[in-house]
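Read the structure below first, then the notes.
Every number here is computed from the coordinates shown, using simple stated rules; none is lab data. Small disclaimer: the values here were computed from a predicted structure and weren't measured. So basically every Cβ, Gly included, is an ideal-geometry build from the backbone, and we count neighbours across all protein chains shown.
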Amino acid sequence: MEPDQPLFARLRAQPTARRILERALESGRVHHAYLFIGPDGVGKELAAFGLAQALLCEARGGDAATQGGLFGAAPAPATPQTAACGACSACMRAAPREDGRPVHPDLVVLERGLYTPQQLGRRTPETQDLSIDQVRTLVLARAAFPPHEGRAKVFIVRRAEEMSASAANALLKTLEEPGDRTHFILLSAQPDALLPTIRSRTLLVRFGPLPDEVVFDVLSARGVTEDRARTVARLARGSASVAISLADPDTSDAREAFVSRVLEAAASRDLRRVIAIGEDAKKDKGNLAGYLGALAAGVAERARDAAARGDARAEALALRGSHALAALEHLDGNGNPQLTMEAMLLRMSM
Ligand SMILES: [Zn+2]
């Protein structure tokens, strides 16, 4: 990454979201509460940090609305600079570090489990949800104070649907009347799981799946071989993070084992093995989508190799790959993991 490139410049595709946010910055009318929705790994977080960087940048003209003063005495710059410079101290500090948190005091990230219980003044870790303690400690405690460095206060909420009902309710009042130069950016891949009151108080910005070519570029830039990058890009369904995880050699052993186990169970037509895999899927819901993606990728590679050899099984393998993809889609639509896996295996056995 270029050290002094603004984060916003790294956002790929997403023309609609980009236009909305650039216009807001140009006009100096950045909304006080955005809800960025779309699949994981398509740029929501990058756009959120990019927007925060633009609001905090020391070199930028600043919001026309806030620079204008009470009587609008100070005119907006003739050529409004929409982008962050990417190079000033504020821009550097607005970019998230390895631990997912920026060091800029006016940019605060909320996320389930990002802080220790001690930091939030609670006894137990946030295993279930983003707690009201986090909203109190990070948002409400600062609400009355102006930004440390004067420009803006920005709160980014990762996986906003994980807020507990009490956390969401505690945030509502602040979302409605956030105070001067305060902005919220809520991120969610499952906006249906948000309280309707949260949705209605935020301005929706949609992020779509990335084109396969963009995903391919992301993988190539990380040194993934062209062949593998092509296969994985096709299977990642427009998500850079899914693609990176599918192409990651560190997780490939466990996934390879899963692929073999599923294909063997399908070939054996042994109902007990099918049921055992279904049971395991229920226990390991969190990783299932990744495994299914690996399954689809693995089967697609086997099908291609078989076709190249003139092997008659190529077609059957390709069909299994499509069953794996269908299962993945069903799971995305909140399908029951166990039933999804069993149905997929039965189709594969036919
Ligand atoms: Zn800057």
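Observations on the model:
- Residue order, fewest to most surrounding Cβ atoms within 10 angstrom, among Y115, Y34: Y115, Y34
- Amide H within-cut-off set for T182, under 5 Å, with H built and near neighbours excluded: K153
- Note, ³J(HN,Hα) from phi for segment 332-343, Karplus 6.51, -1.76, 1.60, rounded to Hz, x at Gly and Pro: 4, x, 6, x, 5, x, 5, 5, 4, 5, 5, 4
- Phi-based couplings in Hz for segment 214-221 (Karplus 6.51, -1.76, 1.60; Gly and Pro marked x): 5, 4, 4, 4, 4, 5, 4, 5
- Our note on the geometry: Cα centres of segment 104-125 and segment 173-239, 22 Å apart.
- In order along segment 261-266, the Karplus-derived 3J(HN,Hα) couplings, from 6.51 cos²θ - 1.76 cosθ + 1.60 at θ = phi - 60°, round to 4, 5, 5, 5, 4, 5 Hz, and Gly and Pro are given as x.
- Straightening the chain between L140 and D280 buys 46.2 nm, computed as 0.36 nm per residue apart minus the Cα-Cα spacing.
- Loop-resident trypsin sites (Lys or Arg not before Pro) (DSSP state other than H, G, I, E or B) in segment 229-313 with no more than 14 further Cβ atoms inside 10 Å of their Cβ: R269, R313.
- Reachable aspartates and glutamates from K44, criterion Cα separation under 16 angstrom, eight or more residues apart if same chain: E22, E111, E161
- Residue order, fewest to most surrounding Cβ atoms within 10 angstrom, among T197, T225: T225, T197
- For L35, residues with placed amide H under 5 Å, excluding near neighbours: L186, L203, L204, V205
- Dipole check for the chain: with +1 at the C-beta of Lys and Arg, -1 at the C-beta of Asp and Glu, and the Cα centre as origin, the magnitude is about 460 Debye.
- Fewest-first ranking of S164, S268, using other Cβ atoms within 10 Å as the exposure measure: S268, S164
- Taking the charge dipole of the chain about its Cα centre, with +1 at Lys and Arg Cβ atoms and -1 at Asp and Glu Cβ atoms, the residue from P191, L7, A289 reaching farthest to the positive side is P191.
- Database remark: amide H of L107 closer than 5 angstrom to the amide H of V154 (H placed geometrically; neighbours at sequence offset of 5 or more, or on other chains; Pro and chain starts carry no H).
- Here the relative contact order of the chain, from alpha carbon pairs under 8 Å that lie six or more residues apart, stands at 17 percent.
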